[in-house]
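See below for the structure under consideration.
The values are calculated or read from the model by the stated rules, or taken from the named source; none is laboratory data. The structure presented is a predicted model; accordingly, all values stated were derived computationally and were not measured. Counting neighbours? That spans all protein chains shown, and the Cβs are built from the backbone with ideal geometry, glycine included.
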Amino acid sequence: MQIALYQGGQSKIEGVADVVKLSSNENPFGPSDKAKEAFARCAHQLHRYPSTDHLSLRTAIAEVHGLDVDKIICGVGSDEIITFLCQAYAGPGDEVIHTEHGFSMYRISTLAAGATPVEVPEVDRTVDVDAILAACTERTKLVFIANPANPTGTFVTGDEITRLADGLPAHTILVLDGAYAEYVDGFDGGAAMVEARENVVMTRTFSKVYGLGGLRIGWGYGPQAIIDVLNRVRGPFNLSDAQLDTAEAALRDREYLEKCLSENARLRLWLSEALAEVGVPSDVSYTNFILARFQSADEADACDAYLKQNGLIVRRVAGYKLPDCLRITVGDEASCRRIVHAIRGFKEAKE
């Protein structure tokens, strides 16, 4: 009962029909046509059980990313991989480290496993390696780092992550949550670090850039010994054929992926610069959202209410200890222009 209920991004506004949802970091262009075609084909096999080893999807992941197929595990979103890690490696008397603005599922999964979450501070909304290392004890079993981070959008360099991995106790597993890794050009999400060490695991998802949030598909990559353990707690039929086949089709459609990434980069830059011009700054984002900073929590709350009156839903992040901020998904061009126009109107109305 210490676990607060997870609050997803709001999707409806009472009494408003023309709503633009920018609260859940979804791909505004949706999944590729090839992914939708794969999903439709699965309707003919709904009476069949899916595979238990997810081999076809794991093979596709291995081929696209240059990984060892035997070190890949698939789950119901990367959330489930996080749950497996806590279930298998943390329990009563153990500690799990996350940072102060870190994804709320780290704390939830830790508590569900009976372990103790340990929160460490960040510096300017960015992971602080020294703070994490200082918090480690003989009881520390897992350290969760989202890179790029949600909800801040900030990024930690490879040198800093290497320094963190080198400094952790030998019995501690470092988990690199790469839900937004695709948005960083040339970034492998930590795959090379997994290959070089026995205590690093990477998680990834199909929910963001691939536009499959509604299907809930994720995967993890780690040392063989850890993946073997996680597969012992994984349910044998945790993913359906519809999830597996659709994710594979989405993954192999690289042309569509590049189009989505290009549009996100263009509109993210425009959105951040346009908001800065009206007095709403943000850190450089390496994701598909920006964290808009206001002068106070009251101003952020007032702006959120104003946006809702205008049919625009963004994400309040006071629960992530960022009460003066609003997280805004990078939508399509029309949505980005609409949100800037509304926030400009809000700021002008205050003057």
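Where in the stretch 144-254 are the helices (runs of 4 or more DSSP H), entirely inside, with at least 1 residues that are surrounded by fewer than 18 Cβ atoms within 10 Å (Cβ to Cβ) and touching a Lys or Arg at 6+ places or on another chain (Cβ under 8 Å)?
224-233, 241-252
Of the residues Leu85, Leu57, only one is farther than 22 Å from Ala250 by Cβ, within 21 Å of the chain's Cα centre (by Cα), surrounded by 15 or more Cβ atoms within 10 Å (Cβ to Cβ) and touching a residue at least 24 places away in the same chain (Cβ under 8 Å); which?
Testing whether each residue is farther than 22 Å from Ala250 by Cβ, within 21 Å of the chain's Cα centre (by Cα), surrounded by 15 or more Cβ atoms within 10 Å (Cβ to Cβ) and touching a residue at least 24 places away in the same chain (Cβ under 8 Å) leaves just Leu85.
Contact list please: Cβ distance under 8 Å, first residue in the stretch 170-195 and over 22 Å from Ile97 (Cβ atoms), second residue crowded, with 21+ Cβ neighbours inside 10 Å and charged (D, E, K, R), pairs at least six apart or on different chains.
Glu182/Lys208; Tyr183/Lys208
Hey, could you check the stretch 1-29 for residues that are over 18 Å from the mean Cα position of the chain (by Cα) and of a type in the set (Asp, Glu) and say which is modelled with the lowest pLDDT?
Here the answer is Glu14.
With respect to the numbered conditions (1) farther than 15 Å from Tyr183 by Cβ; (2) out of contact with any strand residue (DSSP E or B) (no Cβ under 8 Å at 6 or more places or on another chain); (3) not hydrophobic (A, V, I, L, M, F, W, C), which one is the sole condition not fulfilled by Pro281?
Looking at each condition in turn, Pro281 falls short on (2).
Residue check: is Leu326 surrounded by 14 or more Cβ atoms within 10 Å (Cβ to Cβ), assigned to a strand (DSSP E or B) and without any contact (Cβ under 8 Å) to a residue 40 or more places away in the chain?
yes
Could you check Arg266 against (1) in contact (Cβ under 8 Å) with a residue 24 or more places away in the chain; (2) within 27 Å of Ser23 (Cβ to Cβ); (3) basic (Lys, Arg) and say which number it fails?
Every condition holds for Arg266 apart from (1).
List pairs: first residue in the stretch 286-313 and over 27 Å from Val209 (Cα atoms), second residue in a strand (DSSP E or B) anywhere in the structure, Cβ distance under 8 angstrom, at least six positions apart or on different chains.
Phe294/Cys325; Phe294/Leu326; Ala300/Arg316; Ala300/Cys325; Ala300/Leu326; Asp301/Arg316; Cys303/Leu326
Can you find, within the stretch 107-124, the residue that is surrounded by the most Cβ atoms within 10 Å (Cβ to Cβ) among those that are under 11 Å from Ala90 (Cβ atoms) and in contact (Cβ under 8 Å) with a residue 60 or more places away in the chain?
Taking the candidates together, the pick is Leu111.
Which one is nearest to Ile290 (Cα to Cα), of the residues in the stretch 95-125 that are outside any helix (DSSP H, G or I) and small (Gly, Ala, Ser)?
Residue satisfying both the conditions and the ranking: Gly102.
For Val127, only one of the following conditions fails: (1) crowded, with 16+ Cβ neighbours inside 10 Å; (2) over 30 Å from Glu258 (Cα atoms). What is its number?
Tallying (1) crowded, with 16+ Cβ neighbours inside 10 Å; (2) over 30 Å from Glu258 (Cα atoms), Val127 fails exactly one: (2).
From Ser240, Ser272, Ser262, which residue is closer than 28 Å to Phe39 by Cβ and not assigned by TED's automatic domain parsing to the domain that holds Glu37?
The match here is Ser262.
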